[in-house]
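Structure first, commentary second.
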Amino acid sequence: MKKIRNLIIIALVSLICVQTVLCVSAQSTNARVANVAGGTCGDDVTWVLSEDGTMTIEGTGPMATVGYWYNPVWNDYDSQIKKVVIKKGVTTVQNKGFEGCANLTKVTLPSTITSIESGAFNGCTSLTSITIPKKVTNI
């Protein structure tokens, strides 16, 4: 009888340990990447840069353009940007928007992009992947 009781206790303790490991593992898998910075870059367009170097731009309409020498609001984070994901709804990539982002390797553009303005990716020496949507009529 004592052996059976000890086996039940060992089984329960083992089960608790396995559940704890699974819960901790699930929490780390679902952990969110922290954001470094973010803000607006158009009337209805926002941007967020996560600590893994992914910049996500979303909203509707064009990204802001303020003259030829415009420096984007994320200019202080150029060296941290590794990947840009522009979501469906955004219609333009602003002039000189990612100029000098030397660590940028990949850009994902939605089908709603119709214009990529002057110098948008100028100086992006590490850029290896970008697909231009069919609706783009101005580069």
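A few notes on this one:
- Cβ-Cβ under 6 Å pairs, at least 6 apart or on other chains, region 49-62 side at negative phi, far side of a type in the set (Asp, Glu) and assigned to a loop (DSSP other than H, G, I, E, B): THR60/ASP44
- Search result, residues across region 82-104 that are surrounded by fewer than 18 Cβ atoms within 10 Å (Cβ to Cβ) and β-branched (Val, Ile, Thr): VAL85
Only the coordinates and a few stated rules stand behind these numbers; no lab work does. Predicted model only: the values in this text are computed from it and were never measured. Backbone-built Cβ (ideal geometry, glycine too); neighbour counts: all protein chains shown.
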